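The values are calculated or read from the model by the stated rules, or taken from the named source; none is laboratory data. Just so it is clear, the model here is predicted, and its values are computed rather than measured. Backbone-built Cβ (ideal geometry, glycine too); neighbour counts: all protein chains shown.
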Amino acid sequence: MSERIQQLLDQITQLEDELRTALNDQQFTMFYQVKGKRVEFEQSIKQTHLKFKRSFFRWLASRPQNLITGPIIYAMIIPLVITDLFISFYQLTCFPIYGIKKVRRSDYIVFDRQHLDYINFIEKFHCTYCAYGSGMITYISEIVARTEQYFCPIKHARKIVGSHARYARFLEFGEAENYQAKLEEYREALGKIQ
């Protein structure tokens, strides 16, 4: 990897860290605090939220297509749960053997939107489903990314769209010099992930 690319990757990592810190600090300007798994708003904000809440019937009247597509959307829970079981079993059994630090699902699957008083119970149900679905996909992506880093940390010859965060630091396609030594470095790094 060229020195310039390494510098850019380091800058990206630094900016991502700064962004996470700024987003975390923003909670104080939004008048809420995270206390463990609970989110608490100031009382005045909670009252304002309740003013914006739509009743179930008003919400349904504005979105009748939800009744038609709902069964199709919610049927996807079956493959999601099955995939969740298989990927979790895979990680539980194989990662310790290879010395790969396990992915914490709670870092990816977060249920906190039920603390929002401006959405009704159906919207909260939708939010729970979406939090599980999108969280599950990113959870799976990180497990697969760590697997790829262990077995095959080599970039593709063609540009790919939507690669995981680890991919940018992989070896260049065709970079054969010291491949085995570099592969061991990648593998050792997986046991030290924070």
Residue under question is Tyr186, and the condition is that it be surrounded by 12 or more Cβ atoms within 10 Å (Cβ to Cβ), at pLDDT below 90 and more than 20 Å from the chain's Cα centre (by Cα); does it hold?
yes
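Mind listing just one residue for me: the one in segment 81-107 that is of a type in the set (Ser, Thr, Tyr) and within 17 Å of Glu148 (Cβ to Cβ) and, of those, farthest from the chain's Cα centre (by Cα)?
So the first thing to find is which residues in segment 81-107 are of a type in the set (Ser, Thr, Tyr), and the list is 83, 88, 90, 93, 98, 106.
Subset that is within 17 Å of Glu148 (Cβ to Cβ): 90, 98.
Numbers: Tyr90: 18, Tyr98: 23 Å.
Selected residue: Tyr98.
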Filter segment 133-159 for residues that are assigned to a loop (DSSP other than H, G, I, E, B) and either in contact with an Asp or Glu (Cβ under 8 Å, 6 or more places away or on another chain) or of a type in the set (S, T, N, Q) (or both) and give the result.
Lys155
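In segment 94-108, what count of residues is obtained for those that are among the β-branched types (Val, Ile, Thr), in contact with a helix residue (DSSP H, G or I) (Cβ under 6 Å, 6 or more places away or on another chain) and free of Cβ contacts under 8 Å to residues at least 12 places away in the same chain?
We begin by selecting, within segment 94-108, every residue among the β-branched types (Val, Ile, Thr); these are 97, 100, 103.
When the remaining residues are screened for being in contact with a helix residue (DSSP H, G or I) (Cβ under 6 Å, 6 or more places away or on another chain), the result is 100, 103.
Then keep just the ones that are free of Cβ contacts under 8 Å to residues at least 12 places away in the same chain; that gives none.
Final tally of qualifying residues: 0.
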Quick check on Leu190: is it within 26 Å of Leu15 (Cβ to Cβ) and among the aliphatic types (A, V, I, L, M)?
yes
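Restricting to segment 149-181, give me the number of residues that are among the basic types (Lys, Arg) and touching a helix residue (DSSP H, G or I) at 6+ places or on another chain (Cβ under 9 Å).
In the first step, residues of segment 149-181 are kept if they are among the basic types (Lys, Arg); the result is 155, 158-159, 166, 169.
Next, from what is left, pick out any that are touching a helix residue (DSSP H, G or I) at 6+ places or on another chain (Cβ under 9 Å): 155, 166, 169.
Number of matching residues: 3.
In segment 76-93, what count of residues is obtained for those that are surrounded by fewer than 15 Cβ atoms within 10 Å (Cβ to Cβ) and touching a residue at least 12 places away in the same chain (Cβ under 8 Å)? Break it down stepwise before answering.
From segment 76-93, those surrounded by fewer than 15 Cβ atoms within 10 Å (Cβ to Cβ) are 76-79, 81-83, 85-86, 89-90, 92-93; that's our starting set.
Now restrict to residues that are touching a residue at least 12 places away in the same chain (Cβ under 8 Å): 76-77, 83, 90.
So the count comes out to 4.
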Unmet requirement for His164, which otherwise passes all of (1) in a loop (DSSP other than H, G, I, E, B); (2) under 22 Å from Arg104 (Cα atoms); (3) in contact with a Cys (Cβ under 9 Å, 6 or more places away or on another chain)
(3)
Pairs where the first residue, in segment 159-182, is on the phi < 0 side of the Ramachandran plot and among the hydroxyl-bearing types (Ser, Thr, Tyr) and the second is in a loop (DSSP other than H, G, I, E, B) and surrounded by 12 or more Cβ atoms within 10 Å (Cβ to Cβ), C-beta under 7 Å, 6+ apart
Tyr167/Lys155
Under 6 Å between Cβ atoms, at least 6 apart or on separate chains: pull out the pairs that start in segment 30-41 with a residue that is without any contact (Cβ under 8 Å) to a residue 40 or more places away in the chain and end on any residue that is of a type in the set (Ser, Thr, Tyr) and not in a strand (DSSP E or B).
none
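Among the residues that make up segment 175-191, is at least one of them closer than 27 Å to Phe41 by Cβ and either polar (S, T, N, Q) or part of a helix (DSSP H, G or I) (or both)? Reasoning before the result, please.
First pass over segment 175-191, keeping only residues closer than 27 Å to Phe41 by Cβ: none.
No: segment 175-191 contains no residue that is closer than 27 Å to Phe41 by Cβ and either polar (S, T, N, Q) or part of a helix (DSSP H, G or I) (or both).
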Step by step: first the residues of segment 63-111, then only those that are assigned to a helix (DSSP H, G or I) and charged (D, E, K, R), then the one that is farthest from Arg38 (Cα to Cα). Which residue is that?
Asp84
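Name the one entry in Ile122, Ile154, Ile143 that is among the hydrophobic types (A, V, I, L, M, F, W, C), more than 21 Å from the chain's Cα centre (by Cα) and under 25 Å from Ile82 (Cα atoms). Lay out the reasoning, then the answer.
On the way: Ile154 fails: under 25 Å from Ile82 (Cα atoms); Ile143 fails: more than 21 Å from the chain's Cα centre (by Cα).
From the options Ile122, Ile154, Ile143, the qualifying one is Ile122.
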Within segment 116-126, is even one residue part of a helix (DSSP H, G or I) and loosely packed, with under 12 Cβ neighbours inside 10 Å?
yes
